[in-house]
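J.: Let me give you the structure first, and then I'll get to my questions.
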Amino acid sequence: MRAVPVSDGIWWVGVIDWGLRDFHGYETPRGTTYNAYLVRGEGTWALIDTVKTPFVPELLSRVSSIIDPAEIGLIVVNHIEPDHNSGLRDVMAAMPAARVVASGSGVKGVAEYHDGLVVEAVGAADTIDLGGKTLQFMPAPMVHWPDSMFTYCPEVRTLMPNDAFGQHLASSGRFADEVGVDLAIEELGIYYANILMPLGAQVAKMVGKIADAGWDPEVIAPSHGVIWRGDALAAAYAAYARWNSGVKRDKAVVVFSTMWGSTKMLAEAITDGITAEGVEVDMYDLALTSGAHITYELLEAKALVLGSPTLHHGMLYRMAGFIQYIEGLKPVDRMVAFFGSFGWGGGAIKQMRERVTAIGLDAPLEDFSEKFKPTEEDLSAAYAWGREVGVATKAR
Ligand code: FEO
């Protein structure tokens, strides 16, 4: 398998996981890649990151298209999560001359994952000279694990920031401009929403530190998805700046589960009402749409509207699962409103309200509930309640 040139003396030697459809609960309909990079120095060569264990032969095949792996003198572990680190021992076996470096937290994590394996720590003060090319390092704690680290090669202005600027996107093109910048930015946003949303402050800080360090990348080569250069790189920076700032627009996301269709009927009437107020709305049935996609749609939305019928005195399990998911991602600084139908007794709305307001979302409106199948009068009331949601959304 071939390596792909990224910049002068740097090649992509990663792997494409076309079949991945779930990344720890985050649905990935377009698959992903695990990117690794080969850096040529006049004195020695470096490999930046490894891959998941089953893909090590593919990585080594791409490295071998450029150089004998045994000649690699350095392996940089930017991040210890197993999608990048589980293959480390197998890669080291093929590169016996290589020293291995990681951040201070990364050193501890490598030992934990690999039965006491000892590697060297590097930090912001360290530079490794490969001969004609140097590697600089920047710890990037909580972007998105404590061990995360960025590696920069100033001679060719190439930044390898691991998960930052990543996307779960398998493609034949290696660059954003080859697959289409709109698609790449959409996947960048899905990744940001599902991995980085609760860490926006840390992401903003790291983007600032890139500039403070005098790093001025013309190529950003992340560990997942496509590589950013030219206008696409500017678009990725602009998108990160927007999401880091928390900017939102007049948009509501209506999310529901339904048993016999009553809650769905309410959702449709409520969506109509919100639309009538000139507010953009997306409506999702949790039985049909992944939580990852809904979370992405929430990224720039001011309002979340949740609906569930009552089953066994509580909400349906899909809604409970979605709430569990966003409890971790903490989409705060948004309003939330609740609706649902019930038959012989309620309970779903109370349960949803307790769990979601505990995250920190603001619930300014009365709940909307309805018994059995909605009548035309009930649907008119749901529409009117939707208009109230629209007004409250615009007022934020
Ligand atoms: Fe792509 Fe945090 O691992």
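The values are calculated or read from the model by the stated rules, or taken from the named source; none is laboratory data. Everything numeric in this text was worked out from a predicted model, so none of it was measured. So basically every Cβ, Gly included, is an ideal-geometry build from the backbone, and we count neighbours across all protein chains shown. Ligands, DNA and RNA are excluded from the accessible area calculation, which covers all protein heavy atoms including side chains. Shrake-Rupley method; radii C 1.70, N 1.55, O 1.52, S 1.80 Å.
J.: What FRET efficiency do you get for residue 134 and residue 354 if R0 is 51 Å and r is their Cβ-Cβ distance, rounded to the nearest 0.05? Before the final figure, lay out the partial values.
T.: Numbers: r = 54 Å, r/R0 = 1.07.
Efficiency computed from Cβ-Cβ geometry: 0.40.
J.: If you take every DSSP beta bridge whose two residues both sit in the stretch 173-304, what share of them, in percent to the nearest 5, is antiparallel? Don't jump to the answer; show the numbers that get you there.
T.: Numbers: 2 of 12 bridges.
Of the beta bridges lying entirely in the stretch 173-304, close to 15 percent run antiparallel.
J.: Shifting gears a bit: For the stretch 249-395, with only Lys/Arg (+1) and Asp/Glu (-1) charged at the beta-carbon, what is the dipole magnitude about the Cα centre, in debye rounded to 20?
T.: Working: 14 positive and 20 negative charges, 83 e Å.
Rounded to the nearest 20 debye, it is 400 debye.
J.: Let me ask another. Residue farthest toward the positive end of the dipole of the stretch 4-245, with Cβ of Lys/Arg at +1 and Asp/Glu at -1: which of 5, 152, 16?
T.: Of the options given, the answer is 152.
J.: Between the stretch 160-191 and the stretch 304-329, how many Å separate their Cα centres?
T.: Comparing the Cα centres of the stretch 160-191 and the stretch 304-329, I get a distance of 31 Å.
J.: Please say if the stretch 1-140 is rounded, prolate or oblate, where rounded means a/c under 1.5 for a ≥ b ≥ c the square roots of the C-alpha gyration tensor eigenvalues, and otherwise the choice is prolate for a/b larger than b/c and oblate otherwise?
T.: Working: a/c = 1.60, a/b = 1.17, b/c = 1.36.
It comes out oblate by the Cα gyration axes.
J.: Nearest 10 degrees is fine. How inclined is helix 262-276 to the longest principal axis of the chain, computing both from alpha carbons?
T.: The angle comes out at about 80 degrees.
J.: Right, something else. Please name whichever of 179, 194, 162 sits farthest to the positive end of the charge dipole of the stretch 160-252, dipole taken about the Cα centre and charges placed at Cβ: Lys and Arg +1, Asp and Glu -1.
T.: The Cα lying farthest towards the positive end belongs to 194.
J.: Also, quick follow-up: When DSSP assigns beta bridges and you keep just the ones with both residues in the stretch 249-395, what percent turn out antiparallel, to the nearest 5?
T.: Details: 1 of 23 bridges.
Close to 5 percent.
J.: Scan around residue 27 for amide H atoms under 5 Å from its own, H built in the peptide plane at 1.01 Å from N, and keep only partners 5 or more places away or cross-chain.
T.: Those qualifying (amide H under 5 Å, at least 5 residues apart or on another chain) are 292.
J.: Give me the dipole magnitude in Debye, nearest 20, for the chain about the Cα centre, with unit charges on the beta carbon: positive for Lys and Arg, negative for Asp and Glu. Show your work: numbers first, answer last.
T.: Details: 32 positive and 49 negative charges, 84 e Å.
Using Cβ point charges on Lys, Arg, Asp and Glu, the chain gives about 400 debye.
J.: Could you sort the peptides 357-370, 26-39 by per-residue average Cβ neighbour count (10 Å cutoff), highest mean leading? Write out the running numbers ahead of the final one.
T.: Numbers: 357-370: 16.1, 26-39: 22.4.
Top to bottom by mean Cβ count within 10 Å: 26-39, 357-370.
J.: Moving on. Probe radius 1.4 Å, ligands and nucleic acids left out: which of 277, 42 has the largest accessible area, and how do the rest follow? It would help to have the intermediate numbers written out before the result.
T.: On the way: 277 35, 42 165 Å².
Putting 277, 42 in descending order of accessible area: 42, 277.
J.: State in Å² the accessible area per residue of the chain; use a 1.4 Å probe, count heavy atoms of protein chains only, and round to the nearest integer. Don't skip to the answer; put the middle values down first.
T.: Numbers: 15480 Å² over 396 residues.
Spelled out: the 1.4 Å probe surface of the chain, per residue, equals 39 Å².
J.: Please give, to one decimal in nm, the separation of the simple spin-label points placed at residue 142 and residue 172, each 7 Å out from Cα toward the Cβ.
T.: So the two model labels end up 4.3 nm from each other.
J.: Also, I was wondering about something else. I'd like the accessible area for residue 133: 1.4 Å probe, protein heavy atoms, all chains in place, Å² to the nearest 10.
T.: Per-residue accessible area (residue 133): approximately 20 Å².
J.: Would you be so kind as to identify which of 104, 142, 306 lies farthest towards the positive end of the dipole of the chain, taking Lys and Arg as +1 and Asp and Glu as -1 on Cβ and the Cα centre as origin?
T.: The listed residue farthest towards the positive side: 306.
J.: Turning to a different aspect of this structure: Which lysines does residue 394 reach when only Cα atoms under 23 Å apart count, and residues fewer than 8 places away in its own chain are ignored?
T.: By straight Cα distance, residue 394 reaches 248, 251, 302, 330.
J.: Want the number for residue 21 to residue 113: 0.36 nm per residue separation, take away the alpha-carbon distance, what's left?
T.: Numbers: separation 92, 0.36 × 92 = 33.12 nm, distance 2.44 nm.
Additional length available on full extension: 30.7 nm.
J.: Please compute the net charge surrounding residue 155, taking Lys and Arg as +1 and Asp and Glu as -1 over other residues with Cβ under 9 Å from its Cβ. Please report the intermediate quantities before stating the final value.
T.: Numbers: positive: 133, 157; negative: 8.
Net charge in that neighbourhood comes out at +1.
J.: Please report the antiparallel percentage of the DSSP beta bridges confined to the chain, to the nearest 5. Don't skip to the answer; put the middle values down first.
T.: On the way: 28 of 63 bridges.
The antiparallel proportion sits near 45 percent.
J.: Where Lys and Arg each count +1 and Asp and Glu each count -1, what net charge lies around residue 136 among other residues with Cβ under 15 Å from its Cβ? Intermediate values should be presented prior to the final figure.
T.: Numbers: positive: 133, 157, 209; negative: 126, 129, 155, 212, 216.
That sum, taken over residues with Cβ under 15 Å, equals -2.
J.: Distance between Cα centroids, the stretch 28-52 to the stretch 339-392: provide it in whole Å.
T.: So the separation of the two Cα centres works out to 49 Å.
J.: Can you list the aspartates and glutamates whose alpha carbon is less than 17 Å from that of residue 264, not counting same-chain residues fewer than 8 positions off?
T.: Residue 264 reaches 272, 282, 285, 367, 370, 376, 377, 378.
J.: For residue 237 and residue 272, FRET efficiency with R0 = 45 Å and r from the beta-carbon atoms, rounded to 0.05?
T.: Details: r = 38 Å, r/R0 = 0.85.
In this case the efficiency is close to 0.75.
J.: With all protein chains present, how much of the accessible area of the chain (probe radius 1.4 Å) comes from carbon and sulfur, to the nearest whole percent?
T.: Numbers: 8320 of 15480 Å².
The computed percentage sits at 54.
J.: May I ask for the percentage of alpha-carbon pairs in the stretch 4-245 that lie more than 30 Å from each other?
T.: On the way: 4705 of 29161 pairs.
Of all Cα-Cα distances in the stretch 4-245, 16 percent exceed 30 Å.
J.: Here's a follow-up. Order these peptides, 120-132, 136-148, by their mean beta-carbon neighbour count within 10 angstrom, highest first. Intermediate results must be reported in sequence, preceding the final value.
T.: Values: 120-132: 14.2, 136-148: 20.6.
In decreasing order of mean packing, 120-132, 136-148 become 136-148, 120-132.
J.: Then there is this: Between residue 312 and residue 65, what is the label-to-label distance in nm when each label sits 7 Å out along the Cα-to-Cβ direction?
T.: Each label point is offset 7 Å from its Cα along the Cβ direction, giving 5.2 nm.
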